[in-house]
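A quick write-up on the structure given underneath.
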Protein chains: 2
Amino acid sequence: MSPRPAHPELSATLIEAAARLLAEEGPGALSTRRLAAEAGTSTMAVYTYFGGMDDLVRAMVREGFTMLNDRMSAVAETGDPASDVAALGLAYRRNALEHRHLYGVMFGGSNLAGFRLTDEDRQHGRYTLEILVKTVARCMAAGRFSAGDAELVAHQMWIAVHGLVTLELGGYLVEPYDADTCFDAQIRSLLIAAGDEIAAATQSAAASRTRPDVQPLAAGRP
Amino acid sequence: MSPRPAHPELSATLIEAAARLLAEEGPGALSTRRLAAEAGTSTMAVYTYFGGMDDLVRAMVREGFTMLNDRMSAVAETGDPASDVAALGLAYRRNALEHRHLYGVMFGGSNLAGFRLTDEDRQHGRYTLEILVKTVARCMAAGRFSAGDAELVAHQMWIAVHGLVTLELGGYLVEPYDADTCFDAQIRSLLIAAGDEIAAATQSAAASRTRPDVQPLAAGRP
DNA sequence: CACTTTGCATATCGTCGTTATATAACACTG
DNA sequence: CAGTGTTATATAACGACGATATGCAAAGTG
């Protein structure tokens with residue numbers, strides 16, 4: 001179906017240029033002509049290597065999914081699984097903020113030149129949840145969460161953080177209810193609803209956020 | 001700034017046609033030429049009445065905000081404020097599903113022909129929260145929720161339902177964790193986190209959903 | 001009546017994604 | 001080495017897009 005690149009070097013260059021253009025100048029800057037100029041080639045390269053703009057965007061989206069997955073996988077597994085859940089949420093949010101336009105294409109349904117996701121693409125997105133599901137299951141096994149459907153709880157957390165991120169990217173979260181405040185509140189609510197009594201006892205989650213991708217929610221933990 | 005329509009008839013016809021095209025054929029169908037053909041006029045009408053495609057989209061978005069606001073305002077105020085909160089969430093979701101493409105433009109940052117929201121537009125979106133804030137405050141006053149920041153709780157609910165709706169519209173919520181299941185779970189979690197003991201005691205929220213825009217969460221209520 | 005203003009159709013410009021065509025580089029056969 | 005088929009890329013072109021300029025007819029005004 002999709003033509004395999006014979007010279008993967010130029011193919012990678014195109015994806016890199018596309019990602020850079022999308023990140024730095026937004027979706028409006030992504031065009032075959034602009035892309036060709038940036039990569040030092042002609043517009044035909046897009047078609048010989050990818051078959052069209054759609055498939056190039058699709059390849060970029062796939063890279064975005066693996067980046068997100070790498071980011072989630074890099075979150076250290078500590079002895080406090082509930083803290084790990086919060087850290088995963090923060091990692092998810094940070095990845096979205098760093099690749100905001102790409103995130104919009106991946107999950108927000110941002111119509112990039114009429115681009116539409118396929119079910120296969122979405123499957124890559126759902127795959128990201130597996131790390132979160134496992135961590136939630138660890139919370140339940142450790143008695144930190146009340147026993148239940150780990151996958152459903154993971155979905156809830158995904159939905160909540162995704163909602164936060166999209167509203168944040170859309171500019172809808174402003175002071176005093178800015179994204180940081182709401183993020184802490186969302187994580188806290190999810191932990192409480194999952195049955196985490198320690199989170200329920202914690203006064204506020206807006207403490208120091210020094211460690212990267214880790215929420216200080218488990219500050220009162222032994 | 002924005003030119004006032006001298007013949008509001010054609011202006012309304014254009015907005016209607018644009019809304020219909022967006023709803024029925026998606027963002028790709030919205031073009032000045034197509035719009036002119038549907039309205040039986042020329043492409044110039046878009047510029048004389050609105051000043052450009054951007055402003056026409058803006059006018060449509062504004063209509064979308066008032067539609068959403070009307071929908072939320074139409075939710076009956078019952079004696080059970082927690083049930084009203086859930087009903088508002090369902091009304092929000094139903095409005096988004098009925099105007100899915102418009103919702104994407106309003107909140108999802110869907111780039112419709114390079115269209116970008118202004119802060120004034122976003123203010124219209126935030127205004128919708130006021131109804132929810134009042135209802136949450138009623139919950140707190142009635143002792144149904146533990147006392148706290150009603151505006152923050154309303155934001156949390158907004159974020160959660162918005163996240164659900166966008167993932168639902170993006171096709172990311174499939175069985176067995178489909179949108180209905182996740183919606184019930186989100187509402188339930190929010191009520192529990194807000195301190196609603198009745199919701200916490202309720203086994204599941206996935207009971208009969210017969211009454212329009214009303215969640216049966218308060219089934220165990222006197 | 002003449003004169004200005006207004007509303008909309010037509011034609012045009014530059015850019016978009018895409019395709020057709022032409023050319024140049026390559027691999028292989030004899 | 002010549003000849004041949006394949007592949008990669010550049011160039012040019014097509015239809016459609018948003019936007020603008022121009023032109024013209026109807027309405028308004030003295």
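The values are calculated or read from the model by the stated rules, or taken from the named source; none is laboratory data. Bear in mind that the values here come from a model prediction, so they are computed numbers and not experimental data. A quick note on method: Cβ atoms are made from the backbone with ideal geometry, for glycine too, and the neighbour counts reach across all protein chains shown. Quick note on the areas: whole protein, heavy atoms, side chains included, nothing else; ligands and nucleic acids left out. Shrake-Rupley method; radii C 1.70, N 1.55, O 1.52, S 1.80 Å.
A few comments on the model shown:
- On inspection, B:Y103 fails the criterion of being farther than 20 Å from B:E16 by Cα, within 14 Å of chain A (Cβ to nearest Cβ) and either in contact with a strand residue (DSSP E or B) (Cβ under 8 Å, 6 or more places away or on another chain) or more than 16 Å from DNA strand D (Cβ to nearest atom) (or both).
- Single condition B:G79 does not satisfy, out of (1) farther than 26 Å from B:P27 by Cβ; (2) open to solvent by less than 20 Å² (accessible area, probe 1.4 Å); (3) over 17 Å from the mean Cα position of the chain (by Cα); (4) not acidic (D, E): (2)
- Matching option when the condition is out of contact with any strand residue (DSSP E or B) (no Cβ under 8 Å at 6 or more places or on another chain), over 19 Å from B:N111 (Cα atoms) and not assigned by TED's automatic domain parsing to the domain that holds A:L97, among A:A23, A:A18, A:A29, A:A37: A:A37
- Among (1) assigned to a loop (DSSP other than H, G, I, E, B); (2) within 14 Å of another protein chain (Cβ to nearest Cβ); (3) open to solvent by 70 Å² or more (accessible area, probe 1.4 Å); (4) not basic (K, R), the one test that B:N111 misses: (3)
Condition check ((1) acidic (D, E); (2) in contact with a strand residue (DSSP E or B) (Cβ under 7 Å, 6 or more places away or on another chain); (3) within 7 Å of another protein chain (Cβ to nearest Cβ)) across all residues:
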position: A:Q156; (1), (2), (3): no, no, yes
position: A:V165; (1), (2), (3): no, no, no
position: A:E168; (1), (2), (3): yes, no, no
position: A:A185; (1), (2), (3): no, no, yes
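- Of all the residues in region B:149-159, those that are in contact with a helix residue (DSSP H, G or I) (Cβ under 7 Å, 6 or more places away or on another chain) and open to solvent by 40 Å² or more (accessible area, probe 1.4 Å) number 1.
- Criterion (over 15 Å from A:W158 (Cα atoms) and either touching a residue at least 12 places away in the same chain (Cβ under 8 Å) or open to solvent by 10 Å² or more (accessible area, probe 1.4 Å) (or both)) met by exactly one of A:T118, A:T128: A:T118
- B:V161 vs. criteria closer than 30 Å to A:D119 by Cβ and more than 7 Å from chain A (Cβ to nearest Cβ): yes
- Pairs with Cβ under 6 Å, 6+ apart, first in region A:35-46 and within 9 Å of DNA strand C (Cβ to nearest atom), second of a type in the set (S, T, Y): A:A36/A:S42; A:A36/A:T43; A:T43/A:T32; A:V46/A:T32
- The helices (runs of 4 or more DSSP H) located wholly in region B:1-94 that include 2 or more residues which are of a type outside the set (S, T, N, Q) and within 10 Å of DNA strand D (Cβ to nearest atom) occupy B:32-39, B:44-50, B:53-73.
- Residue selection: A:R100 satisfies the criterion of being in contact (Cβ under 8 Å) with a residue 60 or more places away in the chain and more than 12 Å from DNA strand C (Cβ to nearest atom).
- Set A:F65, A:F50: member being surrounded by 15 or more Cβ atoms within 10 Å (Cβ to Cβ), among the aromatic types (F, W, Y) and under 30 Å from A:G89 (Cβ atoms): A:F65
- The set of residues in region B:170-183 that are free of Cβ contacts under 8 Å to residues at least 12 places away in the same chain and at the interface with chain A (Cβ under 7 Å from one of its Cβ atoms) comprises B:G170, B:G171, B:Y172, B:Y177.
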